[in-house]
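*Asks:* Can you read through this structure? Questions will come right after.
Just so it is clear, none of the values below were taken in a lab; they were calculated from the coordinates. Quick caveat: nothing in here was measured; it's all calculated off a predicted structure. Quick reminder, even Gly has a Cβ in these numbers, built from the backbone with ideal geometry, and neighbours come from all protein chains shown.
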Amino acid sequence: MKVRFSLLLFLSLVFAAVYPWRAFAQAPAKPETIVFTNANVIDGVSAQALRGATVILRDGRIEKVQSGAAHIPLNVKVIDLKGKWLLPGWIDAHVHLFNLTSARNALRYGVTTARSMGVSHFVDIGMRQLNHAGAAELPDVVASGYHVRPKPAEEFFLQFPQMMDMRANGVRGAEYVRRMVRAQLDRGVDVIKIMATDRAGLVETDPLQRIYTEEELAAAVAEARSRGIFVAAHAHGDEGAEAAVRAGVRSIEHGTYLSEQTLALMKERGTYLVPTVATIWEMGDPSLEDTNPTLAIRARAMLPRIRLTAARAWKMGVKIVAATDTGYSPGNILTLPMEVVELVGIGMPPMEAIKAGTSVAAECLGIEKRTGAIRAGLEADLIVIERDPLTDISALHELLMVVNNGRIALNRLYGNAVP
């Protein structure tokens, strides 16, 4: 038996020495140096576009952004954009990516970073880790794991059977809230999502219904803050949203019925609003096969309110973040440009609406030192579109290329096939 084991060990070592490529066949290739020339650049930060620019990407990061022509190194990939428009990759600040297929779809719509706002089995953490390991076909993911709510998803207790007492009693009271938050922080989430009011997308729920007290919300914020983590609060109704803002959450998700008083408090405390207007429109669209008649009626009542709230928030100086609240499933019709178009519709200038899906979203998520703009030193997350979105915001739908961490993930330029 020892002889056989030694022989097998010897053969395996010889095989690894002779065929080392097999052990590393799945290792990601180093990003090539890419130079974009003749690019009209919206960098996500500046007030004006930079026309006819050169942008150099090296080792997965932006090395240089220069007006006009620049010295081009030898042996690099040069892409002449011929006046097409280069923007930061989209940051969709509210998604539900349930599997790798939905994550790949999100990237093909130009989403290079996605904040996951609730999935089971911590698949969002897995996606994040794959991206960080070099999986170029997936966006980066800011993971939240499970919603903090009185009755957690059943799958939560498969992950944490030691917390079975909460299955019977519910996550009620400050200490129980802290326990659920702590469990997810220990698992490695990047953000905590808590339900300040009930959901809008289920027939049996009332989106105006407040769920947690200010004390419970503050317990979640304090526990997360002890690890340097932000809390995002789902809230449609004003009472729950106001309590969440007072508790110190980073963002209000949706915010359909926010009062001017709550918006003023958000402005004072620097709380971001993530209105997800387009998803309310989708919920009420009668042309979609799976539209529920009851929810459609609710959505048609909510849509003018969320548009009014978002418009008021913008005028009052509340920071607005673009997001879809979609899963990017194969049948998905929502994209981040649809939300940006909605933001222009409520009165935001096109440049500011684009920032809502790039640099301002990055600030909200706390990743602005990593991505969200076309600036030297940041990750090379970029998209290319055909026409000027500052004169026609619908041009954002004309996606030609996606660059993810310095690698071309989608290429429709000049008839090229997807790599």
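*Asks:* When a/c is below 1.5 the answer is rounded, else prolate if a/b is larger than b/c, else oblate, so apply that to the chain with a ≥ b ≥ c taken from the square roots of the Cα gyration tensor eigenvalues.
*Replies:* Verdict is oblate for the chain.
*Asks:* Going by amide H atoms built from the backbone, whose H comes under 5 Å of the H on T324, apart from near neighbours?
*Replies:* A93, H94
*Asks:* In whole Hz, what ³J(HN,Hα) sequence does region 301-310 give by Karplus (6.51, -1.76, 1.60; θ = phi - 60°), x for Gly and Pro?
*Replies:* My calculation for region 301-310 gives 7, 7, 4, x, 5, 5, 5, 5, 4, 4 Hz in order.
*Asks:* Additional query: Tally the DSSP beta bridges in the chain and give the antiparallel ones as a percent, rounded to 5.
*Replies:* Roughly 45 percent of the DSSP beta bridges within the chain come out antiparallel.
*Asks:* Starting from the 7 Å offset along Cα-to-Cβ, what nm value, one decimal, do you get for the label separation of N292 and S394?
*Replies:* 3.2 nm
*Asks:* Per 5 Å bin, what percent of the C-alpha pairs of region 27-124 does each bin hold, from zero upward?
*Replies:* Pair shares across the bins are 3, 12, 17, 17, 17, 13, 11, 7, 3, 1.
*Asks:* Applying 1/(1 + (r/R0)^6) with R0 = 30 Å to the Cβ-Cβ distance of K267 and D206, what FRET efficiency is obtained, to the nearest 0.05?
*Replies:* According to the calculation, E is roughly 0.65.
*Asks:* Another question, then. log₁₀ I(q)/I(0) of region 149-197 at q = 0.14, 0.20, 0.21 Å⁻¹, via Debye over equal Cα point scatterers, no solvent, to two decimals?
*Replies:* -0.31, -0.65, -0.72
*Asks:* Further question: Kindly provide the helix-only [θ] at 222 nm of the chain, computed as the sum of -39,500 (n - 2.57) over DSSP H runs of four or more divided by all residues, to the nearest 500 deg cm²/dmol?
*Replies:* Computed ellipticity for the chain at 222 nm equals -11000 deg cm²/dmol.
*Asks:* Right, here's the next one. Sorted by packing (mean other beta-carbon atoms within 10 Å per residue), highest first, where do 77-86, 208-217 land?
*Replies:* 208-217, 77-86
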